[in-house]
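Inspection log for the structure reproduced underneath, given as structure tokens.
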Protein chains: 4
Amino acid sequence: MAFINGEHHTNVRVRYSETDRMGIAYNSHFLVWFEVGRTELLRELGLSYRELEQRGFMLPLSETGVKYLKPVLYDDVLTIVTRVGNMAGARVRMDYEIRRSDDTLATGFTGHVFTDSSLRPVRPPKDVVELMNSVRGGSISAEDESE
Amino acid sequence: MAFINGEHHTNVRVRYSETDRMGIAYNSHFLVWFEVGRTELLRELGLSYRELEQRGFMLPLSETGVKYLKPVLYDDVLTIVTRVGNMAGARVRMDYEIRRSDDTLATGFTGHVFTDSSLRPVRPPKDVVELMNSVRGGSISAEDESE
Amino acid sequence: MAFINGEHHTNVRVRYSETDRMGIAYNSHFLVWFEVGRTELLRELGLSYRELEQRGFMLPLSETGVKYLKPVLYDDVLTIVTRVGNMAGARVRMDYEIRRSDDTLATGFTGHVFTDSSLRPVRPPKDVVELMNSVRGGSISAEDESE
Amino acid sequence: MAFINGEHHTNVRVRYSETDRMGIAYNSHFLVWFEVGRTELLRELGLSYRELEQRGFMLPLSETGVKYLKPVLYDDVLTIVTRVGNMAGARVRMDYEIRRSDDTLATGFTGHVFTDSSLRPVRPPKDVVELMNSVRGGSISAEDESE
């Protein structure tokens, strides 16, 4: 539960509710695990996303992508590896890897835009940018998610 | 898609995302179908729940109950039968039946409280009470959900 | 994360995906948290629900009920308190409380039936019954969920 | 609810359960609407995905991507526009657009692999390939999702 070379690690256990009748985790739940990954990364940096919203900022998604590499099963303990990617103006990108032990089960990214509470793009708060920049430069999926 | 003896009928098709690895619909989604049932009942009465919120009223749940009678399967076309139950002060109860053709697969109810946008209980708007009262008196599960 | 007078405690943090536009946790997710509670209770007893299914047993819901007492908010750390309730034949009941610190935000129960993998009720495995019986007798909501 | 130049159109209404505390639809539900889109496209072709699974074939996701262009709101009636994209060996791609009236709110794609019931890639059934090929060649987001 810390940063290793700019990678933040956190764990979730796959819930029964997240499986489907194929017996594997349904595809949309990976986006929820990404949410858990970036929320815990921010918390580790001392940034509560809840507080960020109380300060009037929101960070909705502008884009996402997932590659499903191997089945994720019920009750698996997953490690969500999260990295801060490019930041430019109001935009920030996060990269993710979903692992079970040493196995990478999925990779993905989310693109976000800093907005005010009316969903209008805004300049992100300086302290947030600095903190996120301080952990940039990791190496998850630098090529395999590039577009 | 109309009222038959105070019962409102609407249909949903079971999504893959709503199944679990048992091969049946996961238990929590029934509450979402109840939401669809009461929303469409209100719409049939000329009440948009979205507009009700714009007028400053909300209708959060205070209670719910579900009886799961037979498995609900992927791609099933379900009929959600909804009835307005007791209304008293800020409180209203809705009763539900989930059917596939003539088969009742589940029954349930939700208890709600009319609140303002700060979640404080309020007197419900008169036009809403009158409209809901106008279709009360159906007979779904009058006894099997009694507590 | 242990039993205190027959009560099992485990924690979840409320995800953004679990909130709705009222700003509170949507009603159906409480059933998912109940799932987490009973799964972790069983695990604490040395019973993996995943393994139980591999042995050919399933434990689908026959019934559930929830009372929503106070709003559950984004990013709240919830304690799920779970107790084994009545057991009779193929049936077992679990009782739950959702707490934030000392505040009880919701109470509920689930009724289950032990079945084989074809969803036919079966006599539950003796070791499972004995283990579950060994922690029965707690006191959550003994009256407020009674029907 | 038919094909127009290789595009299949179907509608969903945004559920309260699909909103989040930002007041908009949470990002993961778009993947569920994509599921609805491709399922109804197949049904329009005379192919029930449920039957396809009964014949021993599954179509899990290998990849997905979404661009969120404008907020999707509670109770919105969305048109899901779905197209069959490239097919090669066991792989098939589907493209999507989420519209509200003439407004495009999101675009996306899913990549799938035909597998047997053990999730091993297999040659897709010939009738399925022929039917899907018969509606290929539409023009949704031919460039904006290219990678």
- Can you pull out the residues in region A:10-23 that are in contact with a strand residue (DSSP E or B) (Cβ under 7 Å, 6 or more places away or on another chain) and within 12 Å of chain D (Cβ to nearest Cβ)? A:E18, A:D20, A:R21, A:M22
- Do we have C:M22 as over 20 Å from A:R13 (Cα atoms) and among the aliphatic types (A, V, I, L, M) here? yes
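Conditions tested, residue by residue: (1) more than 9 Å from chain A (Cβ to nearest Cβ); (2) at pLDDT below 95; (3) within 24 Å of B:R50 (Cβ to Cβ).
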residue: D:F3; (1), (2), (3): yes, yes, no
residue: D:H8; (1), (2), (3): yes, no, no
residue: D:A25; (1), (2), (3): yes, no, yes
residue: D:F30; (1), (2), (3): no, no, yes
residue: D:T39; (1), (2), (3): yes, no, no
residue: D:L52; (1), (2), (3): yes, no, no
- Message: So, C:G46, is that one surrounded by fewer than 17 Cβ atoms within 10 Å (Cβ to Cβ) and away from chain A (no Cβ under 14 Å) or not?
- Response: yes
- Residue count, region C:36-50 (criterion: part of a loop (DSSP other than H, G, I, E, B) and among the aliphatic types (A, V, I, L, M)): 2
- Starting from region D:59-71, take each residue that is facing chain A (nearest Cβ under 7 Å) and among the acidic types (D, E) and list its partners that are part of a strand (DSSP E or B) and open to solvent by less than 20 Å² (accessible area, probe 1.4 Å), counting only C-beta distances under 9 angstrom and pairs at least six apart or across chains. D:E63/A:G65; D:E63/A:V66; D:E63/D:F109; D:E63/D:T110; D:E63/D:G111; D:E63/D:H112
- Considering only region D:51-80, state which residues are open to solvent by 30 Å² or more (accessible area, probe 1.4 Å), part of a loop (DSSP other than H, G, I, E, B) and not charged (D, E, K, R). D:F57, D:L69, D:P71
- Task: Answer yes or no: is there a residue in region B:103-111 that is of a type in the set (G, A, S), at the interface with another protein chain (Cβ under 7 Å from one of its Cβ atoms) and more than 30 Å from A:G23 (Cα to Cα).
- Result: no
- Query: Within region B:81-96, which residues are surrounded by fewer than 23 Cβ atoms within 10 Å (Cβ to Cβ) and touching a residue at least 60 places away in the same chain (Cβ under 8 Å)?
  - Reply: B:V81
- Which residue, of D:S117, D:S17, is surrounded by fewer than 17 Cβ atoms within 10 Å (Cβ to Cβ), of a type outside the set (A, V, I, L, M) and not in a strand (DSSP E or B)? D:S117
- Index of the failed condition, B:D102 passing every other in (1) touching a residue at least 12 places away in the same chain (Cβ under 8 Å); (2) under 23 Å from C:S62 (Cβ atoms): (1)
- Query: So C:A88 clears everything in (1) within 18 Å of the chain's Cα centre (by Cα); (2) modelled with pLDDT of 95 or more except one condition, right? Which one?
  - Reply: (2)
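The values are calculated or read from the model by the stated rules, or taken from the named source; none is laboratory data. Fair warning: this is a prediction, and the values are worked out from it, not measured in the lab. Here the Cβ is made from the backbone with ideal geometry for all residues, glycine too, and neighbour counts use every protein chain on show. All accessible areas refer to the heavy atoms of the entire protein, side chains included, with ligands and DNA or RNA removed. Shrake-Rupley method; radii C 1.70, N 1.55, O 1.52, S 1.80 Å.
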